[in-house]
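Beneath this line is the structure, given in structure tokens, with notes to follow.
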Amino acid sequence: MEFKQQVISALQPVLGDNVDEATLSKLIEVPKNSEMGDYAFPTFILAKSLHQAPQQIAADLVAKIDQAPFEKVVATGPYINFFLNKAAFSQVTLQEVLTQKQTYGDQDLGEGKSVPIDMSSPNIAKPISMGHLRSTVIGNSIAKILTKTNYQPVKINHLGDWGTQFGKLIVAYKKWGSEAEVKADPITNLLRYYVKFHKEDVAHPELDEEAREWFKKLEDGDQEATALWQWFRSESLKEFQKIYDMLGVEFDSFNGEAFYNDKMDEVVNLLAEKHLLVKSQGAEIVDLSKYNLNPALIRKSDGATLYMTRDLAAAIYRKRTYHFVKSLYVVGNEQSEHFKQLKAILKDMGYAWADDIIHIPFGLITENGKKLSTRQGRVILLEKVLNDAIDLAKQQIEAKNPTLANKDQVAKEVGVGAVIFHDLKNDRMDNFDFNLEEVVRFEGETGPYVQYTNARAQSILRKSGVDVPDTAETGLDDPAAWEILKLLNDYPNVIQRALAAYEPSVIAKYSLHLAKSFNKYYAHTRVLVDDGQLTAKLRLVKAVSTVLENALGLLGVASPKEM
Ligand code: ARG
């Protein structure tokens, strides 16, 4: 229940026509210091119309307000501070969480409307990078937040599976490769051939000509070229799939760049019809100078289409197929210009829905503050990162809880969860350093810390032996629990804020806050002592666990019951 509404209802009759409800709702603040109450109304806005000092206005209004629903209402300088009735607040909050369980926080904002999310989208025959990891976990969490708010996400992996590089790869494979090598370790070996091609073609420029010919063959549907391309693609996908399985991420579509091959002509024709194509040194471009953007390359002089052409076709295809209300692209910040261009071209083509194309950028993962670059060979291999994280988690579990039953499963949930959580806890645009030891720590602002807090709550509930009731006439009248209760009550708003900003970090930060607040409570309160409040305390513990599990779930992080 919205307790803010109580404050609005108390203020409205005494304010009369001076402030309308929407303005009032915006003006009401949550004081930083909880000693100043749960809500505060600043009276400055009334000073002009009432010709009075704000302090005087606050004092006068407090005398007129119906205080019955509150613990107290007091004037502090120019502010009116509202203290909620803790008994009522805790009764309502605990009951809502405990009866609604994992549906607590669900809200129908999306009315079932469709929202494609372009996410992960690695390139065939290359290792999946840390950037692709970020796109995968941010996209996955946004999809879960969308589902929670009754949108229908469509997770699309727009694979980089087309382009002139496949001509080079075919040449390199035929010259230096072997089937056995590719089968054994596709990504490493395909990448190796590709790198070798670039070394050799310096001295042997004829290789480039060969590569062009093979790509042409591929475009014309030549059997051998197509078979090789398909094979490289499926071997790479198998490797990617291992990582997606570890992360627990599933896709609704793997329609990558190649999927749009037969949709290129339509896009180019549409652009031509609208007189948007300009010839420039044999190539065809769209001039975007009126948007202050660089021209976008649509077709090269040899007729080949480009990344942008494919994205135009993909955007149109997604609108036709999914009838989206918003179309999201979770792609690194370095492609911001590209998505601005994409939107601008769609706009010039006359599509009003161009405004619904939303690029969700994110920053870089760095190593000691430096960018990781593929070219310098400083790629971090994701599978190895995840496996190392699992090993580290396992070591800590061995030390803390050597008799734990399914240790391997838990280590996997903790290790992988730690990597995901670390990625999601910072504002997505922030760059951050990746240091595995830091990421998997059980203390500090980490995923394992939140998971551990939840496991602690679960263990308290097990030890109590009490069957905790979902409903009760009373709540928990303990000032030490107040911060937790307020956080629990705020969860639906937290989800709204995360959705509005496409920012999973809002939920990650909230889960840290709730976990910290619960650990503080637990350190000071003897939860399992029967002091007449035992059931009430256990209901609080159960509610905390319910919301922690839910919040972690929205991030794509598991919640082991024991660890
Ligand atoms: N494959 C691209 C890359 O690795 C990302 C694709 C993003 N999605 C898109 N529709 N452009 O840089």
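Would you please calculate the Kirkwood hydrodynamic radius of the range 1-74 over all C-alpha pairs and express it in Å, rounded to one decimal?
About 12.8 Å, per the Kirkwood formula over Cα pairs.
Among all the lysines, which ones have a C-alpha under 26 Å from residue 48's C-alpha, if same-chain residues fewer than 8 places away are not counted?
4, 26, 64
Can you list the aspartates and glutamates whose alpha carbon is less than 16 Å from that of residue 148, not counting same-chain residues fewer than 8 positions off?
106, 108, 111, 490, 503, 549
Checking the table 86/520; 86/516; 126/347; 126/509 against a 23 Å threshold on Cα-Cα, which pairs fail?
Exceeds cut-off: 126/347; 126/509.
Helix 206-219 versus the longest principal axis of the chain: what angle, 0 to 90°, nearest 10, using Cα atoms?
Computed tilt is about 70 degrees.
For helix 382-400, what angle does its Cα long axis make with the longest principal axis of the chain, in degrees from 0 to 90 and rounded to 10?
Approximately 40 degrees, to the nearest ten.
Would you calculate a helix-derived [θ] at 222 nm for the chain, using -39,500 (n - 2.57) for each DSSP H run of n ≥ 4 and dividing by the full residue count, to the nearest 500?
Value at 222 nm, helices only: -17500 deg cm²/dmol.
Report D for the range 163-247 in µm² per second (integer): Stokes-Einstein, Kirkwood Rh on Cα pairs, 20 °C, 1.002 mPa s.
D = 162 µm²/s.
Once amide H atoms are built 1.01 Å from N in the peptide plane, which residues 5 or more positions from residue 363, or in another chain, come under 5 Å H to H?
429, 430
Expected output is a single nm value to one decimal: the length gained when fully extending between residue 501 and residue 250, i.e. 0.36 nm times separation in residues minus the C-alpha distance. What is it?
Stretched out fully, the residue 501 to residue 250 stretch lengthens by 88.0 nm.
Compute the acute angle (0 to 90°) between the alpha-carbon long axis of helix 86-100 and the principal axis of greatest extent of the alpha-carbon atoms of the chain; round to the nearest 10°.
Tilt relative to the chain: about 40 degrees.
To the nearest 20 Debye, how big is the dipole of the chain about its Cα centre, given +1 on the beta carbon of each Lys and Arg and -1 on that of each Asp and Glu?
My answer is approximately 520 debye.
What list of ³J(HN,Hα) couplings, whole Hz, do you get for the range 294-305 from phi and the Karplus terms 6.51, -1.76, 1.60, once you set θ to phi - 60° and write x for glycine and proline?
Along the range 294-305, the couplings run 5, x, 9, 7, 9, 9, 6, 4, 7, x, 5, 8 Hz.
Hey, can you rank 84-95, 385-396, 235-246, 219-230 by average C-beta count inside 10 Å, highest first?
Listed from highest to lowest mean packing, they are 84-95, 385-396, 235-246, 219-230.
Using only the alpha carbons of the chain, what is the convex hull's orientation-averaged projected area in square nanometres?
32.3
No value in this document is a laboratory result; all are computed from the given coordinates. Since we're looking at a predicted model, the values are computed, not measured. Note that each Cβ is placed from the backbone with ideal geometry, even for glycine, and that neighbours are counted across all protein chains shown.
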